Amino acid sequence: PVTDEIITVGSNFREAAHSLAANVKCFDNNVVLGEYLTLNTLRDRTILLKGSRGIALEKIIEKL
């Protein structure tokens, strides 16, 4: 079974994520997230990708 998971990028989101009672993975930047996604594909999932222009999450779309 697929469980809910939140993935955050950046220090501001890391701080916010620690207050959540959920399954959270935090990454320092989109490069580290991209490396994680290369090794851990997110198949059969619904994904909401939200970020600021500064984080540049569009660069990891190909890893999804």
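Under the criterion of Cα pairs below 8 Å and six or more residues apart, the relative contact order for the chain equals 31 percent.
By how many nm would the segment from Ser52 to Glu5 grow when fully extended, if each residue of separation counts as 0.36 nm and the alpha-carbon distance is taken off?
Extra length from Ser52 to Glu5 when fully extended: 14.9 nm.
In terms of its alpha-carbon gyration tensor, the chain comes out oblate; a/c meets the 1.5 threshold, while b/c is at least as large as a/b. Element breakdown for the stretch 11-60 at a 1.4 angstrom probe: carbon and sulfur atoms account for 52% of the accessible area.
Compute the accessible area per residue over the chain, keeping the other protein chains in place, probe 1.4 Å, unit Å². Intermediate values should be presented prior to the final figure.
Values: 4950 Å² over 64 residues.
Solvent-accessible surface per residue comes out at 77 Å².
The values are calculated or read from the model by the stated rules, or taken from the named source; none is laboratory data. What you see is a predicted model, and the numbers here were worked out from it, not measured in a lab. Surface areas here come from the heavy atoms of the whole protein model, side chains and all, with no ligands, DNA or RNA. Shrake-Rupley method; radii C 1.70, N 1.55, O 1.52, S 1.80 Å.
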